[in-house]
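Presented below is the structure to which this report refers.
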Amino acid sequence: MLNGYRTTALLYAAVELGIPDLLTAGPLDPAELARQIGAPPEALARLLSALDQSGIIRHGGDNRVSLTSLGRELATGATGSLQSLALVTAAEFLPAWMQLSSAVRTGGAVFGEVFGMTPWEHRQRNPNLNAAFNRWLDDETVEHARSILRAYDFSGAHEITDVGGGHGALLKVILESHRQLRGVLIDLPEVVVDARRVLHQIQAVGRCRIEGGDFFSGISPGSDIYLLKSVLHNWNDADCLRLLQSCGAAMSATSRLLIIERVLPDGRSADASLRLLDLHMLVMFGGSERTADAYRILARTAGLEITQKIPVDCGFTILEAVQTGNKRRPEHSR
Ligand SMILES: C[S@@+](CC[C@H](N)C(=O)[O-])C[C@H]1O[C@@H](n2cnc3c(N)ncnc32)[C@H](O)[C@@H]1O
């Protein structure tokens with residue numbers, strides 16, 4: 001367990017040196033690979049042996065090296081590519097996690113101690129990192145979007161706003177499956193600049209509006225459905241309350257808010273990866289994963305009532321909320 005950092009560093013070194021990309025076109029002789037990377041062949045051979053042992057590459061009978069299916073996941077543009085995650089892990093996650101004890105002592109984020117700013121500010125100042133983080137989220141979100149569509153019926157709605165919707169990956173999948181829907185994407189200005197690439201076809205036919213801004217300072221009214229996917233877990237209770245109030249102020253008496261999160265089970269039975277994700281939220285943002293009850297209490301304090309709890313087959317739960325006092329229940333969920 002203590003040597004786990006070596007595997008992380010090994011994968012990161014492979015990505016940093018461009019090995020998965022260089023091998024995407026086909027097997028290469030290690031000496032040729034060393035020449036293309038500009039590294040001494042002996043040092044590269046040592047790295048390649050370790051990557052072979054980890055199942056990332058394979059030495060063939062002709063001694064040329066090729067990518068395994070696992071290694072292909074680290075290449076640029078691979079479906080569900082983990083290359084971006086490798087980059088963000090090395091640049092941000094690992095340095096912040098090394099201060100985990102400090103986060104536990106204070107009960108707040110330690111990212112600021114390490115970097116002197118929030119993760120959002122850090123990414124704003126490092127466009128390559130910002131792009132890598134959002135690419136990773138896009139890939140992950142597209143996978144989740146199909147499951148969310150199966151779990152929730154969007155057919156009665158006319159307009160949907162994705163609050164903190166990143167590049168619009170979830171919004172795109174929903175709008176493509178429901179031709180009657182118009183969409184609004186709200187995220188930080190430096191994030192939405194790249195959303196135009198994801199949403200341009202839908203934007204071109206006037207079915208989508210992109211708004212760069214701060215979701216705490218105001219959210220446009222008029223949508224039937226507001227989405228908050230993987231957003232509240234980034235924030236502490238006080239900020240969650242401000243954001244839920246901001247959503248509540250935009251909602252009409254018939255609007256619904258869908259909080260889509262990995263919900264902690266009551267008690268201590270959550271699986272290890274969810275417990276670690278909870279600590280990740282603490283270290284990075286001072287946020288946390290929460291139980292459905294904790295979301296219910298936050299929502300109620302913000303003047304919202306959770307009316308439905310719908311499990312999604314990718315591990316998320318949809319918590320549907322309406323303004324308190326508007327508990328009408330049309331058949332919106334399957
Ligand atoms: C964990 S990501 C989730 C993105 C998307 N909902 C998804 O599930 O893929 C959180 C998002 O909140 C956005 N965000 C953070 N602070 C924000 C703010 N003050 N105003 C608007 N968006 C913000 C980030 O840029 C990021 O896209």
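The values are calculated or read from the model by the stated rules, or taken from the named source; none is laboratory data. Quick caveat, the model's predicted, so the values are computed rather than measured. No Cβ is skipped: glycine too gets one built from the backbone with ideal geometry, and neighbour counts run over all protein chains shown. Heads up: the accessible areas ignore ligands, DNA and RNA and are worked out on the full protein's heavy atoms, side chains in. Shrake-Rupley method; radii C 1.70, N 1.55, O 1.52, S 1.80 Å.
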Q. Quick one: Leu227 ticks every box in (1) within 20 Å of Leu137 (Cα to Cα); (2) in a helix (DSSP H, G or I) bar one, so which box is it?
A. (2)
Q. Among the residues of the range 179-199, is any more than 9 Å from the ligand (Cβ to nearest atom), touching a residue at least 40 places away in the same chain (Cβ under 8 Å) and out of contact with any Gly (no Cβ under 6 Å at 6 or more places or on another chain)?
A. yes
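Could you check the range 256-277 and list, in sequence order, the residues that are assigned to a loop (DSSP other than H, G, I, E, B) and touching a residue at least 24 places away in the same chain (Cβ under 8 Å)?
Once the filter is applied, which keeps residues that are assigned to a loop (DSSP other than H, G, I, E, B) and touching a residue at least 24 places away in the same chain (Cβ under 8 Å), the range 256-277 yields Arg262, Val263, Pro265, Asp266.
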(Q) Can you pull out every residue in the range 151-168 that is open to solvent by 20 Å² or more (accessible area, probe 1.4 Å) and farther than 22 Å from Leu199 by Cβ? (A) Asp153, Gly156
Q. When you go through Asp239, Asp214 one by one, which is the residue that is in a loop (DSSP other than H, G, I, E, B), of a type outside the set (A, V, I, L, M, F, W, C) and surrounded by fewer than 18 Cβ atoms within 10 Å (Cβ to Cβ)?
A. Asp214
Q. Which condition does Leu258 not pass, out of (1) among the aliphatic types (A, V, I, L, M); (2) more than 22 Å from Gly108 (Cα to Cα); (3) open to solvent by 10 Å² or more (accessible area, probe 1.4 Å), if it passes all the others?
A. (3)
Q. Which ones in the range 1-53 are over 26 Å from the mean Cα position of the chain (by Cα) and small (Gly, Ala, Ser)?
A. Ala25, Gly26, Ala31, Ala34, Gly38, Ala39, Ala43, Ala45, Ser49, Ala50
